[in-house]
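Written out below as structure tokens is the structure these notes cover.
The values are calculated or read from the model by the stated rules, or taken from the named source; none is laboratory data. From a predicted model like this one, the values you see are computed outputs, not experimental measurements. With ideal geometry, Cβ positions are generated from the backbone for all residues, glycine too; neighbour counts draw on all protein chains shown. Just the protein is used for accessible areas: all its heavy atoms, side chains included, with ligands, DNA and RNA removed. Shrake-Rupley method; radii C 1.70, N 1.55, O 1.52, S 1.80 Å.
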Amino acid sequence: MSTDDQSRLMRANQANWDARTPVHLASRFYGLDGDPDPARWFAAFEWDDLGELTGRDVLHLQCHLGTETLAFAQRGARATGLDFSEASVAAANDIAAKAGLDVDYVQANVYDAVAALGQRQFDVVYTGKGALCYLPDLPRWADTVAQLLRPGGLLYIVEFHPLLNSLGPKPAPGEGPELLLRHDYLGGGGPVHRDATFTYTDGPAVAGATDSYEWMHGIDEVINALTTAGLNIRHLRESDELPWPRWPQMVRTETGWWCLPEPRIPLLYGLLASR
Ligand SMILES: C[S@@+](CC[C@H](N)C(=O)[O-])C[C@H]1O[C@@H](n2cnc3c(N)ncnc32)[C@H](O)[C@@H]1O
């Protein structure tokens with residue numbers, strides 16, 4: 001796919017994220033009418049992998065409403081969030097102000113992040129939980145991340161596992177709770193087009209652009225893009241827990257997150273790399 005075609009599909013995604021934003025803001029899923037509680041979006045292992053953040057420059061790519069970005073500011077980091085959705089960035093600024101937290105939000109496409117951030121470099125770049133699937137070109141993304149990191153800086157991706165994306169319920173409703181392998185596990189294919197009136201949160205239909213495009217990326221593709229960009233892979237974790245119940249049969253664990261009844265399978269992965 002040409003770069004022009006990629007840009008066209010990303011513009012469609014941008015309009016879709018602008019249209020989803022008001023629904024997300026009012027949703028119970030994000031719970032922003034009360035305490036945004038940024039910590040609930042993080043697994044304990046993430047803080048172990050990230051280490052001490054006080055005084056560090058942390059960049060959160062594809063930050064959406066900044067619900068996770070706030071957690072970095074709470075932990076004493078100089079936090080920056082970047083997202084291409086103007087509506088998201090406006091909302092993220094309001095949410096941070098209401099929480100009394102100092103976060104710098106920038107509206108830009110990830111692929112333009114180096115220029116948009118004025119060539120600034122960071123100690124930590126964090127991204128994930130529904131981010132990489134919107135990126136058509138992982139090698140170009142990995143090159144961008146490498147430029148955003150100081151020497152020795154850390155990239156932390158916490159992303160939905162390809163196995164999660166390949167599972168789906170039985171096609172006919174009422175056929176039982178089992179999940180089936182319904183979609184490709186391996187990534188590397190072309191864009192998957194969705195035209196969805198409803199977004200992944202609760203709430204009304206999206207008023208505005210409903211078309212979006214996603215790219216499935218296997219873990220091999222992510223690792224190879226990072227190593228080709230010169231980053232060192234430090235640690236990979238696979239976790240059977242998600243921050244919310246993706247399917248009705250998921251059960252709450254003692255951490256407050258959700259997992260499928262046995263057998264245990266990975267639903268989320270954490271990948272730590274360094275420059
Ligand atoms: C599911 S959110 C991920 C953030 C966070 N984990 C969450 O769940 O709120 C995906 C975000 O990626 C942003 N996004 C998608 N493609 C992007 C791109 N090419 N450049 C910058 N932001 C992008 C969208 O605007 C959206 O806010």
Dimensions in Å of segment 3-274 - Rg and Dmax from alpha carbons: 18.0, 54
The chain - charge dipole about Cα centre, Lys and Arg +1 at Cβ, Asp and Glu -1, debye rounded to 20: 160 debye
Only Lys, Arg (+1) and Asp, Glu (-1) charged, at Cβ; segment 1-151 dipole about Cα centre in debye: 100 debye
Using a Förster distance of 22 Å, the FRET efficiency for Thr54-Ala116 (Cβ separation, nearest 0.05): 0.25
List His60, His217, ordered by accessible area with a 1.4 Å probe, largest first: His217, His60
Which of Ile265, Leu149, Phe198, positive extreme of dipole for segment 3-274 (C-beta unit charges): Leu149
Potential extension, Arg182-Glu254 segment - 0.36 nm per residue separation minus Cα distance: 23.0 nm
Accessible surface, segment 124-180, averaged per residue in Å² (probe 1.4 Å): 34 Å²
Probe 1.4 Å - accessible area at Glu238, Å² to nearest ten: 120 Å²
Radius 14 Å from Cβ of Leu117, net charge of other residues (Lys, Arg +1; Asp, Glu -1): -2
Alpha-carbon centroid distance for the pair segment 50-100 / segment 212-275, whole angstrom: 21 Å
Fraction of accessible area attributable to carbon and sulfur, segment 68-109 (%, probe 1.4 Å): 41 percent
Point-to-point label distance, Ala39-Glu86, nm (Cα→Cβ direction, 7 Å offset): 3.7 nm
Charge dipole (the chain, unit charges on Cβ, about Cα centre) - positive-most of Leu138, Gly174, Ile233: Ile233
Accessible-area ranking of Met216, Met1, largest first, probe 1.4 Å: Met1, Met216
Electrostatic dipole magnitude of segment 184-264 [Cβ: Lys, Arg +1; Asp, Glu -1; Cα centre; debye, to 20]: 180 debye
Accessible-area ranking of Thr3, Thr67, Thr228, largest first, probe 1.4 Å: Thr228, Thr3, Thr67
